[in-house]
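The structure under discussion appears below in the form of structure tokens.
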Amino acid sequence: MSSTTRPSVRGLHHVTAIAGDPQENLDFYTRVLGLRLVKKSINQDAPNVYHLFFADGEGTPGTDITFFPWPKQPKAKPGVGQIVEVPLAISAGSLDWWQTRFEELGVAQHAVEERFGERTLPFDDPHGLRLSLVEISQDRAFVPWQRSPVPQEHQILGLHSIRMWQTELDATDLLLTQVMGFEYVEEESVWHRFAAAGHEDGGGSGSYVDIRIVPSGIEGNGGVGGVHHAAWRVRDEAEELAVREAIARVGLQPTPVIDRFWFQSVYFREPGGVLFELATDGPGFGRDEDMDQLGQILVLPPWLEGRREEIEARLPHLGPPVQRR
Ligand code: ZN
């Protein structure tokens, strides 16, 4: 039996979180973490809020962390039903370099941990989002960003996993393994690891969900410093519709396919309460901008272009990124 006969996602596509001040958000992800701003757009459901996309040199699916900088939102509270951390992959041997960099730049970092055999450095972004850097030894699809302040060999290679808290495992386990094509990998202390491994390019860094079971845990809430949703890669719309149908069959009420212009999206809430998305690999961020010019100007989807003047007037000022200390 080929494992591709069952619908399956291909790993993380992007993670979207809520930030505070947009300029601080831009400065941190580009000048401290060294990612590329690959798209400067707006929240299509709230056009007075930016949507900033940070990724590798070409916006490769799976390398992208995006933000709605939305200082008026309440502060996020980590808890059950939330993604509580976004681990990012770096090459083996880079962690010491990053520790020194974080010290120099005053980034809030925590003790290095060994998780599932991987050296991990947890840290916080300026608005309270918990991230971590995880040393990996495998190759991944990644394009270096030539104008990054981070030397190529230490650059962030993409999303490694998502970590979430839930009160129980069974329902999410069933969704992941029976509907979305994940495999259960292993358990380590209170954490359970799953990997999207249903395709030849699946499994490994970028495909993981780690779930901590907190039976009497208090529900968290989203907001500034919290993750809004995690998106899973599907190759194209046909694959997206197949996974969508499998999700609908178990009663999870996925949305219809929504055109996000750079990809096609379907949203649904997994049984533990976390918002998931399916997102196609294409057409990608080069659809409306030269690859050389990504992120330089405010890009609107065509259906909002007619309102550009009004939309720009309501957005806060956002200048070029600066290095802060
Ligand atoms: Zn999304």
Is there any pair with a first residue in the range 266-285 that is within 14 Å of GLU239 (Cα to Cα) and of a type in the set (Asp, Glu) and a second that is within 14 Å of the ligand (Cβ to nearest atom) and not in a strand (DSSP E or B) whose Cβ atoms are under 7 Å apart and which are 6 or more apart or on different chains, and what are they?
ASP281/PRO61
Considering each residue of the range 220-261, count those that are farther than 28 Å from GLU200 by Cβ, buried (at least 16 other Cβ atoms within 10 Å of the Cβ) and within 16 Å of the ligand (Cβ to nearest atom), and give that number.
5
Among (1) of a type in the set (Val, Ile, Thr); (2) more than 16 Å from the ligand (Cβ to nearest atom); (3) out of contact with any helix residue (DSSP H, G or I) (no Cβ under 6 Å at 6 or more places or on another chain); (4) at pLDDT 95 or above, where does THR4 come up short?
(4)
Criterion first (within 19 Å of the chain's Cα centre (by Cα), in a loop (DSSP other than H, G, I, E, B) and crowded, with 20+ Cβ neighbours inside 10 Å) does PHE194 satisfy it?
no
Which of the numbered conditions does ALA141 fail, given that it passes all the others? Conditions: (1) within 27 Å of GLU58 (Cα to Cα); (2) crowded, with 18+ Cβ neighbours inside 10 Å.
(2)
Residue check: is VAL134 under 21 Å from the mean Cα position of the chain (by Cα), more than 16 Å from the ligand (Cβ to nearest atom) and farther than 27 Å from VAL185 by Cα?
no
What number of residues within the range 57-89 are within 16 Å of the ligand (Cβ to nearest atom) and small (Gly, Ala, Ser)?
2
Determine which member of the set VAL9, VAL15 is within 15 Å of the ligand (Cβ to nearest atom), over 21 Å from PRO320 (Cα atoms) and not in a strand (DSSP E or B).
VAL9
I'm trying to understand the selection: among the residues of the range 137-184, which are under 25 Å from ASP27 (Cα atoms) and of a type in the set (Val, Ile, Thr)?
VAL143, VAL150, ILE156, ILE162
Search the range 265-291 for residues being more than 14 Å from the ligand (Cβ to nearest atom) and in a strand (DSSP E or B), and hand back the single one that is farthest from the chain's Cα centre (by Cα).
PRO283
Matching residues, the range 52-79, being closer than 28 Å to ILE136 by Cβ, touching a strand residue (DSSP E or B) at 6+ places or on another chain (Cβ under 6 Å) and either among the β-branched types (Val, Ile, Thr) or part of a strand (DSSP E or B) (or both):
LEU52, PHE53, PHE54, ALA55, THR63, ASP64, ILE65, THR66, PHE67
Filtering the range 27-40 down to residues that are over 16 Å from LEU131 (Cα atoms), crowded, with 22+ Cβ neighbours inside 10 Å and either more than 16 Å from the ligand (Cβ to nearest atom) or aliphatic (A, V, I, L, M) (or both) yields ARG36, VAL38
For ILE311, only one of the following conditions fails: (1) buried (at least 19 other Cβ atoms within 10 Å of the Cβ); (2) assigned to a helix (DSSP H, G or I). What is its number?
(1)
Taking the stated definitions as given, is PHE142 aromatic (Phe, Trp, Tyr) and under 24 Å from THR16 (Cβ atoms)?
yes
So is PHE54 of a type outside the set (Gly, Ala, Ser), in contact with a helix residue (DSSP H, G or I) (Cβ under 7 Å, 6 or more places away or on another chain), more than 19 Å from ASP259 (Cα to Cα) and more than 12 Å from the ligand (Cβ to nearest atom) or not?
yes
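This table checks each residue for (1) of a type in the set (A, V, I, L, M, F, W, C); (2) farther than 23 Å from SER205 by Cα; (3) exposed (fewer than 15 other Cβ atoms within 10 Å of the Cβ).
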| residue | (1), (2), (3) |
| --- | --- |
| VAL86 | yes, no, no |
| GLN109 | no, no, no |
| ARG119 | no, no, no |
| PHE123 | yes, no, no |
| HIS127 | no, yes, no |
Qualifying residue in the range 103-118 (condition: part of a loop (DSSP other than H, G, I, E, B), among the aromatic types (Phe, Trp, Tyr) and either under 29 Å from GLY273 (Cβ atoms) or without any contact (Cβ under 8 Å) to a residue 12 or more places away in the chain (or both)):
yes
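The values are calculated or read from the model by the stated rules, or taken from the named source; none is laboratory data. Everything quoted here is computed from the prediction, not taken from an experiment. Positions of Cβ are generated from backbone atoms using ideal geometry, with glycine treated the same way; all protein chains shown enter the neighbour counts.
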